[in-house]
There are 2 protein chains.
Amino acid sequence: MSGAVRVAAGVPSERAVTLKHGAGGRAMRRLIEETLTTGYDTAGESAPAWAIGLTALDDGAAIPVGDGWLVVTTDAHVIHPIVFPGGDIGRLAICGTVNDLAMMGATEPLGLTCSIILEDGFSRAELERIHRSMVAACREAGTTVVTGDTKVMGRGEIDGIAITTTGVGLTRAIVPDAGLRVGDCLVVTGTIGDHGIALMAKRHGLAADDVLCSDVAPVNGLVRAALASADGAIVAMKDPTRGGVASCLHEMAGKSSVAITIHEPVVPIRPAVRSAAELLGLDPLQIANEGKAIMGVRGGETAVARVLASLRAHPLGRDAAVIGECVPGESGRVVLDTGFGRRLVAEVDGDPLPRIC
Amino acid sequence: MSGAVRVAAGVPSERAVTLKHGAGGRAMRRLIEETLTTGYDTAGESAPAWAIGLTALDDGAAIPVGDGWLVVTTDAHVIHPIVFPGGDIGRLAICGTVNDLAMMGATEPLGLTCSIILEDGFSRAELERIHRSMVAACREAGTTVVTGDTKVMGRGEIDGIAITTTGVGLTRAIVPDAGLRVGDCLVVTGTIGDHGIALMAKRHGLAADDVLCSDVAPVNGLVRAALASADGAIVAMKDPTRGGVASCLHEMAGKSSVAITIHEPVVPIRPAVRSAAELLGLDPLQIANEGKAIMGVRGGETAVARVLASLRAHPLGRDAAVIGECVPGESGRVVLDTGFGRRLVAEVDGDPLPRIC
């Protein structure tokens, strides 16, 4: 029915939205910067006072309320298949938004909203299962859904179900993704690539469900513990979801005007994930994670040791590791030191993994 | 691709979600009550303190913050066609959420989030047009989009575009939808049925675009003026969207444990809307509105006159009228007095208008 606004095959791709615009990389960022964030009255008298929002392109917005910040963040979830090893679309929808709040420093959500679009004919039993999964994930994160909306589209008008969650939380201090300086260390809170590889393996029938498993989890408790131990040493934070660690580091480095060097041998990757990625021709650095954070830590070895210790003491942070550091150089440049040589880390652009979250 | 969880034709409808579950009436309320609001930890120690939320099934949730309330509300928008007389999906997505905030008393939104799901191949030009429409609606409402998300689904996996907006706002006093008492008057802020009839007429090629026009508009300014003039006399408020005035009144009456009588001759309906509704076999009371509010007003003629005067002084409230009152009787019962007799007003259930918002 959307044929009237669909661009015919063969038309230059810049005139149509394509799958790569949803891949979390450069194409998506350009679409957002060139179209979706333009024109809003963010400084005029009709705009309420808010500080970090659309133009900062952080994981969410921060609005000054009282003597702190109200953090607001939103995500649509269209993952396929809706049930996968380690989770389902319901768990993902809760964790994705809880984690985005946590990345801004709001580790105790005030609540989430949940807006569900269903296809006519969708199974009630499946909906109930997804709902139970959302309830369980909320309990893990110590939060709840406070309001919602339900829409139904006709058969063939949506592929089953899509869930958009929005989270609100308060924090005294915002942790931006753009807070890096030369000399800061980069810490990842655990193994990378698990979510995306589990999804791809499931789609291709590559492995038994218990070998490759999504890492989808609410990391707000983990982040809260790290922030409490860090005493201000965590100066930047972002979760490496769509586009993986590569896109995440590109964005953090570019916004912070630093370059980053990553040391490949110390990047934590499960052997099964590494093998599956090789088989699928994928770079684990470009693969989505749903239960990890990347933190910029300042203050030298003592500070880093303190943050690592608090992360590793948490069940979700046992594999936390320092993977690199911020260095002088071209803003936004990310280099991988393999131990044998150095190569540029490419940001995802033309080779997306559609519907990975 | 969702075939695995789609219930086959012929299976009892209670085992599958159907279009009527998105129609704003009884079936939808049952789905929400029986499934989507169950299980959350809203009182336990892991839950943050919040007062009006899922179990109250109001237009949004209210969370105590400082000496006031943080109101949060969310809506998915899947309207078809995406451009219609009087608006488009972008304008609708902003107004729908601004209005839900206003219905709770939060008439100055802190900001909105915008989560867009696009179909691979969707026209960039059309997306830009929708975006401009969102920007314009935000300016009308005195707010802005503060953060967002973009996902792309494959061709045939979603019909063009769906937009979920969430709004946050602060208010000193919540106006509930359940605040009615016997004796309160019911005021509607303007003509009814315009949005749904314009949509249906467009789909059926019934009329020129300028004859039947959606009323989609941000009513927060109108509501703010009315609340300021009312001095506490507006005791309940709700917007008659999906399911129309009928569902809206049923819900307000049921939650307030009162009955309601509506006087048909004084219900404001445009002649063209009345004619088109007759032609289509639809009851204007059951048709969606996107720029109207129903208010319960207490305090007798003086209070009602004050509220009406402030509404009629606003461009969006010129046709405001008293349409009925709360009476003793069976809780949730809504009766229409036609001037010649009385009939029960049915709530929408089995005859939905799919994708009306």
For this session: May I ask you to work out the translational diffusion coefficient for the range A:156-263 at 10 °C, viscosity 1.306 mPa s, via Stokes-Einstein with Rh from the Kirkwood sum over Cα pairs, reported in whole µm²/s?
Result: 95
Exercise. How much accessible area is lost when chains A and B come together, counting both sides, with a 1.4 Å probe, in Å² rounded to the nearest 100?
Worked result: 8200
For this session: Mind listing the long-range amide H neighbours of residue A:145? Cut-off is under 5 Å, sequence gap 5 or more, other chains count too, H placed in the peptide plane at 1.01 Å from N.
Result: A:112
Problem set entry | Phi to ³J(HN,Hα) by Karplus 6.51 cos²θ - 1.76 cosθ + 1.60 over the range B:26-32, Hz, x for Gly, Pro | 5, 4, 5, 4, 5, 4, 5
Problem set entry | For the range B:69-83, Karplus couplings with θ = phi - 60° (6.51, -1.76, 1.60), whole Hz, Gly/Pro x | 10, 8, 9, 10, 8, 9, 8, 8, 10, 10, 4, 9, x, 6, 10
Problem set entry | Nm distances between copies for residue A:232, ranked from closest, using label points 7 Å along Cα→Cβ | 4.7
Problem set entry | Estimated 222 nm signal from helices in chain B, with DSSP H stretches of n ≥ 4 weighted -39500 (n - 2.57), rounded to 500 | -8500 deg cm²/dmol
Exercise. Which value, in debye to the nearest 20, describes the size of the charge dipole of chain B about its Cα centre when Lys and Arg Cβ atoms bear +1, Asp and Glu Cβ atoms bear -1, and nothing else is charged?
Worked result: 360
Problem set entry | Amide H contacts under 5 Å for residue A:345, placed H, 5+ residues apart | A:334, A:335, A:336
Exercise. Sorted from shortest, what are the nm distances separating the label point of residue B:280 from equivalent points in the other copies, each placed 7 Å from Cα along Cα to C-beta?
Worked result: 4.6
Exercise. Any idea of the accessible area per residue across chain B, 1.4 Å probe, to the nearest Å²?
Worked result: 35
Exercise. Over the alpha carbons of the range A:260-357, what is the largest minus smallest coordinate on each principal axis, giving the biggest first in Å?
Worked result: 40, 36, 26
Seminar exercise, completed: So, relative contact order of the range B:185-344 in percent, Cα under 8 Å, 6 or more apart, is 43
For this session: Label the protein assembly as shown by shape, choosing from rounded, prolate and oblate, from the square roots a ≥ b ≥ c of the eigenvalues of the Cα gyration tensor; if a/c is under 1.5 it is rounded, and otherwise prolate applies when a/b is larger than b/c, oblate when it is not.
Result: prolate
Seminar exercise, completed: Cross-link reach from residue B:151 to lysines, straight Cα distance under 30 Å and at least 8 residues apart if same chain, gives A:20, A:151, A:202, A:238, A:255, A:292, B:20, B:202
For this session: Report, in debye and to the nearest 20, how large the dipole of the range B:304-355 comes out about its Cα centre when Lys and Arg carry +1 and Asp and Glu carry -1 on their Cβ.
Result: 280
For this session: Determine Rg/Rh for chain A; Rg is computed over alpha-carbon atoms and Rh is the Kirkwood hydrodynamic estimate from the same atoms.
Result: 0.95
Exercise. Where does the Debye-calculated log10 I(q)/I(0) of the range B:185-344 sit at q = 0.16, 0.19 Å⁻¹, using only Cα point scatterers of equal weight, no solvent?
Worked result: -0.88, -1.19
Problem set entry | Distance from the range B:173-232 to the range B:305-329 (C-alpha centre basis), Å | 11
Seminar exercise, completed: Expected field for residue A:181, accessible surface area in Å² at 1.4 Å probe radius, rounded to 10, holds 140
Seminar exercise, completed: Taking the convex hull of the alpha-carbon atoms of the range A:221-274 and averaging its shadow over every direction gives an area in square nanometres of 5.2
For this session: Express the carbon and sulfur contribution to the solvent-accessible surface of the range A:185-344 as a percent, rounded to the nearest whole number, probe 1.4 angstrom.
Result: 54
For this session: For the range B:74-118, list log₁₀ I(q)/I(0) at each q in 0.29 Å⁻¹, using the Debye formula over Cα point scatterers of equal strength and ignoring solvent, two decimals each.
Result: -1.10
For this session: Work out which GluC sites (Glu not before Pro) in chain A are exposed loop sites (DSSP not H, G, I, E or B, at most 15 other Cβ within 10 Å) and give the longest gap free of them.
Result: A:46-329
Exercise. At residue B:329, with labels set 7 Å past Cα in the Cβ direction, how many nm apart are the copies from this one, shortest first?
Worked result: 7.7
Problem set entry | In sequence order, calculated HN-Hα J values of the range B:101-115 (Karplus, 6.51, -1.76, 1.60; Hz; x Gly/Pro) | 4, 4, 4, 8, x, 8, 8, 10, x, 6, x, 10, 9, 9, 10
For this session: With a ≥ b ≥ c taken as the square roots of the eigenvalues of the C-alpha gyration tensor of the range A:145-205, please select rounded if a/c is under 1.5 and otherwise prolate if a/b is larger than b/c or oblate if it is not?
Result: oblate
Exercise. Taking 0.36 nm per intervening residue step and subtracting the Cα-Cα distance, what contour gain separates residue A:15 from residue A:125 on full extension?
Worked result: 35.5 nm
Exercise. Roughly how big is the protein assembly as shown's charge dipole about its Cα centre, with Cβ charges of +1 (Lys, Arg) and -1 (Asp, Glu), in debye to the nearest 20?
Worked result: 320
Exercise. Which residues of the range B:146-192 show a drop of at least 40 Å² in accessible area when all protein chains are present, compared with their chain alone (probe radius 1.4 Å, heavy atoms only, ligands and nucleic acids excluded)?
Worked result: B:146, B:147, B:149, B:150, B:151, B:152, B:153, B:155, B:157, B:159, B:164, B:168
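The values are calculated or read from the model by the stated rules, or taken from the named source; none is laboratory data. The structure displayed is predicted, hence computed values, not measured ones. Virtual Cβ from ideal backbone geometry, glycine too; neighbours counted across all protein chains shown. Accessible surface areas use protein heavy atoms only, side chains included; no ligands, DNA or RNA. Shrake-Rupley method; radii C 1.70, N 1.55, O 1.52, S 1.80 Å.
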